[in-house]
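To keep things clear, I will list the structure first and then write my remarks on it.
What follows is calculated from the coordinates using simple rules that are stated; it is not laboratory data. Keep in mind that this is a model prediction, so the values were computed, not measured. Using ideal geometry, Cβ is built from the backbone for each residue, glycine included, and neighbour counts are taken over all protein chains shown.
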Amino acid sequence: MKAEMFIGASAVVGTNGHVSGVNPATGETLEPPFGGATLADADRAAALADAAFDAYRETAPEARAVFLETIADNILAIGDALIERAMAETGLPRARLEGERGRTMGQLRLFADIVRDGGYLGLRVDPAMPERQPLPRSDLRLRHIPLGPVVVFGASNFPLAFSVAGGDTASALAAGCPVIVKAHSAHPGTSALVGRAVRDAVAACGLPEGVFSMIFDSGRAAGQALVADPRVKAVGFTGSRGGGLALVAIAQARPEPIPVYAEMSSINPVILLPQALEERAEAIGKGFVASLTLGAGQFCTNPGLVIAVEGPALDRFVASTAEALGMVPAATMLTPGIHAAYARGAAATADNPAVEVAARGQGGGGCAGQAAFFTTSAAAFLKDRSLQEEMFGAASLLVRCADADELAAVVASLEGQLTAALHLADGDHDAVRALLPLLERKAGRILVNGFGTGVEVSHAMVHGGPFPSTSDARTTSVGGLAIQRFLRPVCYQDMPDALLPDALKAANPLGFDRLVNGKR
Ligand SMILES: NC(=O)C1=CN([C@@H]2O[C@H](COP(=O)(O)OP(=O)(O)OC[C@H]3O[C@@H](n4cnc5c(N)ncnc54)[C@H](O)[C@@H]3O)[C@@H](O)[C@H]2O)C=CC1
Ligand SMILES: O=C(O)CCC(=O)C(=O)O
């Protein structure tokens, strides 16, 4: 494997320190070391992206769609080498990574379809009304154009679907934005393989080289310089609250502030309604453990909080959870750092005098995370904000409430969330109706009789939510709507038809849907 990053078309070996993959299952440092970018490398990537922008954003829909599909094909063509490298760098099992590769390709293809459809452009035409009294109306035509070059910070926990060619990159490229990826240092080899696949797609599709660059950063300076660079117009990020907020601060301090779409921490409350518990406490417990321990709990949609009213049915749920969790082996986590942070967080919760340990998974050494299930009272939870902190891994806290009012008070105290799950039966509908307005204020996705892990990539998906689950609650980082993050509206007033973009010309040569005088 070559230790390359990609500054436009050029494969470059970085000279500013290096990052190395570490196999978290064995502790082995993986070859080769990947050289980090200098500030000059970051500057060159930004210059190339800026130079590519005007040509790239006016590519025909079909050409841009084929580009996205070519990236997907190229990723598949890497073959097993990609899966094996990702397994070595993340400790994630083969089946999970093969599934994630399929999802990554599916995301790229979904955005290809969206580009072909043209609906994302939000076209509106208000034809001139020269005879209108007392004043004539101008001809007004609106389309959305891309913001400009986008910097993407991929996630550690999805080395393909939220990484170099993941959802942020796919949606930004689909919008017409050149992308510069700051590769996550937890999986540099995987990133290099995918980076080359994207770079080759740029060349094969005859696009300007600056449409895509990917750098490694041995510290934080190159990534931060890109966020501060005046040619960069938006940022996509998935990771910790601290990391996301640091990038938001840099973006806000620029002479020209820019949006940062950071997906950060979420504990994804699961609310168990009384009738559902009565009818199927044991089955809910089993399903909960399966979701909690998926991928060693390293999902931002992990069910980190359970809320329910006290009683024998809740005790049955706890017993079922404890039984299932006791059989779960410790699972290798992504990096020694993530494992250490998880172990620290779980230990702090266990040491909290208001918390009881209800169950633990099996123990393990090295980077293996031991699952844990804690309980506390609603009163203690409401008093101690630290109990709301994300423990990134397979740990969850049950909040026992005295009654429905206390349960509502616990929900009202929560920070913003990516998901909220309700386990309900027919007899719970009234209780749920009362909770729904509160849940809508708290979460981006409200789901019933399931768990938030395993996000469907589709048109109606929302993978976002109020702060701190994201830095911008108005949008989503997964699904078709993600493209809107990288667009802004432009209105053309009285522009001669010959000068209008094709999407807005009188004859509508692209055949896209347009809102004409407010009517479809
Ligand atoms: N909620 C979620 O979706 C996820 C949360 N996490 C949390 O983040 C912790 C660490 O995991 P990481 O993936 O390494 O997240 P991280 O936030 O530390 O890093 C993510 C990316 O941002 C960059 N970065 C972070 N802070 C920065 C700064 N101040 N300036 C410039 N660049 C910066 C990193 O180099 C990396 O590329 C986990 O233990 C977990 O708590 C991690 C993955 C997903
Ligand atoms: O649950 C999923 O499929 C996606 C989770 C996610 O976005 C994340 O963990 O970063």
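Can you sort F162, F374, F34 from fewest to most other Cβ atoms within 10 Å of each residue's own Cβ?
F374, F34, F162
Here R441, R124 are placed in order of increasing Cβ neighbour count within 10 Å, fewest first, which gives R441, R124.
The H on the amide N of R400, modeled in the peptide plane, is under 5 Å from the matching H of T376, S377, A378, each at least 5 residues off or on a different chain.
Once the Cβ-Cβ distance of M1 and A409 is raised to the sixth power relative to R0 = 45 Å, the FRET efficiency obtained is 0.25. Each residue of segment 402-409 was assigned a 3J(HN,Hα) from its phi angle through the Karplus curve 6.51 cos²θ - 1.76 cosθ + 1.60 (θ = phi - 60°); the sequence is 6, 7, 4, 5, 5, 4, 5, 5 Hz, with glycine and proline shown as x.
The calculated FRET efficiency for the pair L500 and D113, based on their C-beta separation and a Förster distance of 25 Å, comes to about 0.50. Helix-only arithmetic for the chain: the sum of -39500 (n - 2.57) across DSSP H runs with n ≥ 4, divided by the residue total, places the mean residue ellipticity at 222 nm at -12500 deg cm²/dmol.
Dipole check for the chain: with +1 at the C-beta of Lys and Arg, -1 at the C-beta of Asp and Glu, and the Cα centre as origin, the magnitude is about 820 Debye.
Taking the Cα centre of segment 269-448 as origin, sum charge times position over the Cβ atoms of Lys and Arg (+1) and Asp and Glu (-1), and report the length of that vector in debye to the nearest 20.
Numbers: 12 positive and 19 negative charges, 117 e Å.
Result for segment 269-448 is approximately 560 debye, rounded to the nearest 20.
For segment 17-92 versus segment 438-489, the spacing of their alpha-carbon centroids is 25 Å.
Residue exposure proxy: E310, E89, E256, E4, ordered by other Cβ atoms within 10 angstrom of their Cβ from fewest to most, comes out as E256, E310, E4, E89. Calculated translational diffusion coefficient of the chain (37 °C, 0.692 mPa s; Stokes-Einstein with Kirkwood radius over alpha-carbon pairs) equals 135 µm²/s. Each principal axis of the Cα atoms in segment 269-448 has its own extent, and those three values, largest first, are 48, 30, 29 angstrom. Residue by residue, segment 334-339 carries 3J(HN,Hα) couplings of 5, 9, x, x, 5, 5 Hz when phi is fed to the Karplus relation 6.51 cos²θ - 1.76 cosθ + 1.60 (θ = phi - 60°); x denotes Gly or Pro. Between the alpha-carbon centres of segment 95-137 and segment 228-286 there is a gap of 25 Å. Charged neighbours of T375, selected by a Cβ distance under 11 Å, balance to -2 (K, R count +1; D, E count -1). Multiplying the residue separation of E98 and V490 by 0.36 nm and removing their Cα-Cα distance gives an extension gain of 137.0 nm.
In this rough spin-label picture, where each label sits 7 Å from Cα along the Cβ direction, the L39-A221 distance is 0.7 nm.
Given 0.36 nm per residue, what is the gain on full extension from R344 to D513 after removing their alpha carbon distance, in nm?
Values: separation 169, 0.36 × 169 = 60.84 nm, distance 5.33 nm.
Answer, rounded to one decimal: 55.5 nm.
For F299, enumerate residues with amide H under 5 Å from its amide H, sequence gap 5+ or separate chain, H modeled in the peptide plane. Under 5 Å from the amide H of F299 lie the amide H atoms of G393, each far enough along the sequence or on another chain. Spatially close Lys pairs in the chain, defined by Cα atoms under 25 Å apart and a spacing of eight or more places or different chains, total 4.
Please report the antiparallel percentage of the DSSP beta bridges confined to the chain, to the nearest 5.
Details: 26 of 67 bridges.
Roughly 40 percent of the DSSP beta bridges within the chain come out antiparallel.
For L447, the residues whose amide H sits under 5 Å from its own are A420, A421, L422, ignoring neighbours fewer than 5 places away on the same chain, with H placed 1.01 Å from N. Whole-Hz Karplus values for segment 300-317 come out as 6, 9, 4, x, x, 9, 10, 10, 7, 8, 3, x, x, 5, 5, 4, 5, 4 Hz, taken residue by residue from phi with 6.51 cos²θ - 1.76 cosθ + 1.60 and θ = phi - 60°; glycine and proline positions read x.
Length available on full extension from F467 to D384: 0.36 nm per residue minus the Cα-Cα distance, which gives 28.0 nm. Mean separation of Cα pairs under 8 Å and 6 or more residues apart, divided by the residue count, gives the chain a relative contact order of 18 percent. I need the calculated FRET efficiency for the pair R474 and A63, taking r as the beta carbon distance and R₀ as 41 Å, to the nearest 0.05. Plugging the Cβ-Cβ distance into 1/(1 + (r/R0)^6) gives 0.85. In this rough spin-label picture, where each label sits 7 Å from Cα along the Cβ direction, the K286-A204 distance is 4.5 nm.
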